[in-house]
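The values are calculated or read from the model by the stated rules, or taken from the named source; none is laboratory data. What you are looking at is a predicted structure, and each value in this text was computed from that prediction instead of being measured. Note: ideal-geometry Cβ built from the backbone for every residue, glycine included; neighbour counts use all protein chains shown. Just the protein is used for accessible areas: all its heavy atoms, side chains included, with ligands, DNA and RNA removed. Shrake-Rupley method; radii C 1.70, N 1.55, O 1.52, S 1.80 Å.
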Amino acid sequence: MTHFHDYLEGTFDNRLQAMQYPTRYARIIITHEWIGGEWFEGKQAYYHSQDRPYRHFRMRVFPEGEKFRIKNYDKNGDVYKKGCDTIFELVGSEYHGHNTDCNCWVNWKGTKTYLTNDIVLGYNIYKVMDSGIDPETGQKIWGSQWGHLEFMRHFSSAG
């Protein structure tokens with residue numbers, strides 16, 4: 001496994017952010033588990049219902065020179081989500097990621113939006129801001145109004 005894989009694999013929890021700003025951020029647990037080769041399985045769940053993830057997906061990680069491309073798939077790895085790739089580049093000691101174009105479509109309450117993301121991945125941190133943009137107006141329709149979700153790596157020995 002690569003340095004990037006070591007950063008990506010793990011369990012991440014935004015406990016501190018959710019406790020500090022409970023009206024802005026729900027507590028969320030994200031897991032990325034290496035399942036062999038270039039494949040990872042991912043799950044996102046609210047803390048109070050970790051056994052029922054609201055998002056379950058697979059990712060394939062490919063090196064591209066000094067960068068890494070993540071291709072996103074459905075939970076079984078059968079359906080590739082075309083237009084939803086994320087490129088990560090090492091900046092200092094962290095990987096910075098963003099989607100590659102404006103072709104990752106998400107239907108949000110009956111409105112077709114495209115996903116933009118901004119990600120910072122360090123060994124102990126994982127900051128994510130996903131936004132849904134209206135292609136007609138360029139306005140943000142969904143996503144955090146207060147900045148990145150800020151996750152810390154969860155170490156099982158810490159409880």
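Only one residue of PHE88, HIS154, PHE4 has its Cα farthest out toward the positive end of the dipole of the chain, where Lys and Arg carry +1 and Asp and Glu -1 on Cβ, and that residue is HIS154.
Using the Cα centre as the reference, give the magnitude of the dipole from point charges on the C-beta atoms of the chain (Lys, Arg: +1; Asp, Glu: -1; all else neutral), rounded to the nearest 20 debye.
Roughly 540 debye for the chain.
What does the charge add up to near LEU90, with Lys and Arg as +1, Asp and Glu as -1, over the other residues with Cβ less than 13 Å from its Cβ? So the environment of LEU90 carries a net charge of -4.
Accessible surface calculations at 1.4 Å, restricted to protein heavy atoms, place the chain at 59 Å² per residue.
Local charge sum around ALA18 (other residues, Cβ-Cβ under 15 Å, Lys/Arg +1, Asp/Glu -1)?
Numbers: positive: ARG15, ARG24, ARG27, LYS127; negative: ASP13, GLU150.
Surrounding charge for ALA18 is +2.
Computed packing ranks the peptides 64-72, 11-19 as 11-19, 64-72, most packed first, by mean other Cβ atoms within 10 Å. Take the Cα of GLU64, step 7 Å toward its Cβ, do the same at GLN145, and the gap between the two points is 3.4 nm.
With one equal scatterer per alpha carbon and no solvent term, the Debye-computed log10 I(q)/I(0) for segment 1-131 at 0.13, 0.20 1/Å reads -0.57, -1.39. The length gained by stretching the chain between ASN124 and LYS82 to full extension, at 0.36 nm per residue less their Cα-Cα distance, is 12.2 nm. The lysines whose alpha-carbon is closer than 29 Å to the alpha-carbon of LYS112, local same-chain residues fewer than 8 away aside, are LYS43, LYS71, LYS75, LYS81, LYS82, LYS127, LYS140. Between the C-alpha center of segment 62-107 and that of segment 2-36 there is a gap of 17 Å. Of all aspartates and glutamates in the structure, those lying under 19 Å Cα to Cα from LYS67, and not within fewer than 8 positions of it along the same chain, are ASP6, GLU9, GLU38, ASP85, GLU89, GLU94, ASP101, ASP118. Computed over the alpha-carbon pairs of segment 1-76, the distance histogram in 10 Å steps reads 18, 42, 29, 10, 0 percent, short to long. Note on the chain: with neighbouring protein chains present and a 1.4 Å probe, carbon and sulfur make up 49 percent of its accessible heavy-atom surface. Dimensions of segment 56-136 from C-alpha coordinates, computed as largest minus smallest value along each principal axis and given longest first, are 40, 27, 23 Å. Given the rule -39500 (n - 2.57) for each run of at least 4 DSSP H residues, summed and divided by the residues of the chain, what is its mean residue ellipticity at 222 nm, to the nearest 500 deg cm²/dmol? One gets -1500 deg cm²/dmol as the mean residue ellipticity at 222 nm.
Looking at the square roots a ≥ b ≥ c of the eigenvalues of the Cα gyration tensor of segment 119-159, which shape do they give, rounded for a/c under 1.5, prolate if a/b is larger than b/c, or oblate? Since a/c reaches 1.5 and a/b is larger than b/c, the shape of segment 119-159 is classed as prolate.
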